There are 2 protein chains.
Amino acid sequence: MTESARSARDAEAVSRFVESFAAQLVEAGMQRMPARVFAALLSSDEGAMTSAELGEQLRISPAAVSGAVRYLAQQHMVSREREPGSRRERYRVHSNQWYEAVTNREAVLKRWEGALREGVTSLGADTPAGRRMAETLAFFEFVDGELAAMMERWRARREQLFGSTGSE
Amino acid sequence: MTESARSARDAEAVSRFVESFAAQLVEAGMQRMPARVFAALLSSDEGAMTSAELGEQLRISPAAVSGAVRYLAQQHMVSREREPGSRRERYRVHSNQWYEAVTNREAVLKRWEGALREGVTSLGADTPAGRRMAETLAFFEFVDGELAAMMERWRARREQLFGSTGSE
DNA sequence: CGCTCCTTTCAGAAATTTGTGAAGTTAAGG
DNA sequence: CCTTAACTTCACAAATTTCTGAAAGGAGCG
């Protein structure tokens with residue numbers, strides 16, 4: 001193994017990981033470009049890349065990067081940084097922040113709950129269908145509360161495992 | 001309100017619920033037809049419908065019903081029943097079983113964990129990127145265990161709220 | 001101010017996904 | 001066995017989504 005092969009990141013190994021992890025995310029329902037961009041950021045040593053770097057690694061246009069990053073930022077999975085004294089932007093995964101975002105399906109759950117509540121009243125709370133929906137609703141309300149508690153426990157465990165870096 | 005309007009299920013109210021709940025599921029990443037079929041089953045008094053009933057309510061072809069049901073069955077969100085002495089099939093939501101299936105992302109999590117594990121070794125456990133992935137991996141392993149415990153607590157709570165029907 | 005570098009927006013081409021009709025398959029019931 | 005009722009598969013048309021190149025926008029720097 002040559003000096004450069006030891007010190008440089010093996011671009012091909014990185015790319016293999018990026019594409020295979022992205023494929024898993026896609027299979028779980030994520031759009032392709034956001035998934036690839038996210039995987040690339042996750043596997044970068046900095047945890048951050050510029051638009052140009054992303055475009056080069058993934059072989060996609062600046063427009064595609066822009067769209068993917070907008071989506072990821074809306075989901076709070078990455079944040080945007082401005083390099084001081086430059087119009088270049090960097091996109092960053094905050095290593096703990098991102099799965100907090102993934103886990104925080106609060107908005108989704110609330111909408112489901114809303115639809116179910118309407119279903120219960122419009123079909124009648126005393127009908128079999130109404131009762132089934134009421135039970136489903138109770139389940140989601142339960143999950144709501146449990147998720148928050150679970151993330152609290154994770155933070156404690158994380159500190160125990162890796163030591164706290166607070167905001168990293 | 002006429003007699004028939006009081007006793008018959010209000011087809012339009014049912015349809016409104018079905019389409020709005022399905023829309024939420026679609027927004028969360030589910031395919032359209034499976035989402036609509038699932039919502040229709042959920043809002044039926046029996047908790048079960050035949051292929052023909054589904055086709056009529058949703059205005060879709062038998063082929064579309066077939067595809068949607070196959071998907072839902074694979075996900076263990078519905079089960080198929082054979083009406084004795086008939087070649088007609090009924091598709092049923094087991095009201096507690098289905099969200100156990102939704103919550104059971106074990107297969108998905110395991111695949112994510114596999115990809116991450118490979119990433120850690122191929123990028124090097126001693127690199128910043130490797131450490132980030134190792135932490136993410138630890139998070140998913142943690143979630144794995146938590147979900148099982150959460151569902152256990154739900155079963156207890158469910159019984160407390162609704163009384164046990166065992167297998168319904 | 002104006003130049004230049006970077007990002008975003010937009011219209012359209014290309015690829016993918018979706019749902020249908022029609023043919024094919026299976027099994028109940030005479 | 002043969003008929004017939006039901007579900008499934010398949011090829012294709014339509015609709016939708018995705019990604020790009022090109023043009024527009026905006027922020028730093030001289």
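What's the average, rounded to a whole number, of partner chain beta-carbon atoms within 10 Å of each residue's beta-carbon in A:12-22?
Values: counts 1, 6, 4, 0, 3, 10, 1, 0, 6, 9, 1.
For this peptide, the per-residue mean of nearby foreign Cβ atoms is 4.
Using the number of other C-beta atoms within 10 angstrom as an exposure proxy, rank A:Met151, B:Met49 with the fewest first.
Numbers: A:Met151 17, B:Met49 23.
In increasing order of surrounding Cβ atoms, one gets A:Met151, B:Met49.
Counting only other chains, and only Cβ atoms inside 10 Å, what mean value do you get across the residues of A:26-37?
Values: counts 0, 3, 6, 5, 1, 1, 0, 0, 0, 0, 0, 0.
That average works out to 1.
Just to be sure I understand: chains A and B are related by a rotation, so which residue of A has its Cβ closest to that axis, and how close in Å?
With distances in whole Å, chain A gives A:Gly29, 2.
Taking every residue in B:133-144, how many Cβ atoms of other protein chains lie within 10 Å of its Cβ, on average?
Details: counts 5, 2, 7, 7, 0, 5, 12, 1, 0, 6, 6, 0.
Per-residue shielding by partner chains comes out at 4.
Give the peptides A:75-82, A:115-122 in descending order of average Cβ contacts within 10 Å, highest first.
On the way: A:75-82: 16.5, A:115-122: 18.6.
Put in order of decreasing packing, that is A:115-122, A:75-82.
What's log10 of I(q)/I(0) for chain B at q = 0.11, 0.17 Å⁻¹, Debye sum over Cα points only, no solvent?
At q = 0.11, 0.17 Å⁻¹ the computed log10 ratios are -0.64, -1.10.
List, shortest first and in nm to one decimal, how far the label point of A:Ala28 (7 Å from Cα along Cα→Cβ) is from its counterparts in the other copies.
1.5
So, with +1 on the Cβ of K and R and -1 on the Cβ of D and E, and no other charges, what is the size of the charge dipole of segment B:104-162 about its Cα centre, to the nearest 20 debye?
Values: 10 positive and 10 negative charges, 49 e Å.
Once rounded to the nearest 20, the dipole reads 240 debye.
Dipole of chain A, Cα-centred, from +1 at each Lys and Arg C-beta and -1 at each Asp and Glu C-beta, to the nearest 20 debye?
300 debye
Quick check: Cα centre of segment B:133-148 to Cα centre of segment A:70-123, how many Å?
With segment B:133-148 and segment A:70-123 each reduced to a Cα centre, they are spaced 20 Å.
Readers should treat all values here as calculations from the given coordinates under stated rules, not as data from a laboratory. All values reported here derive from a predicted model rather than from experimental measurement. Quick reminder, even Gly has a Cβ in these numbers, built from the backbone with ideal geometry, and neighbours come from all protein chains shown.
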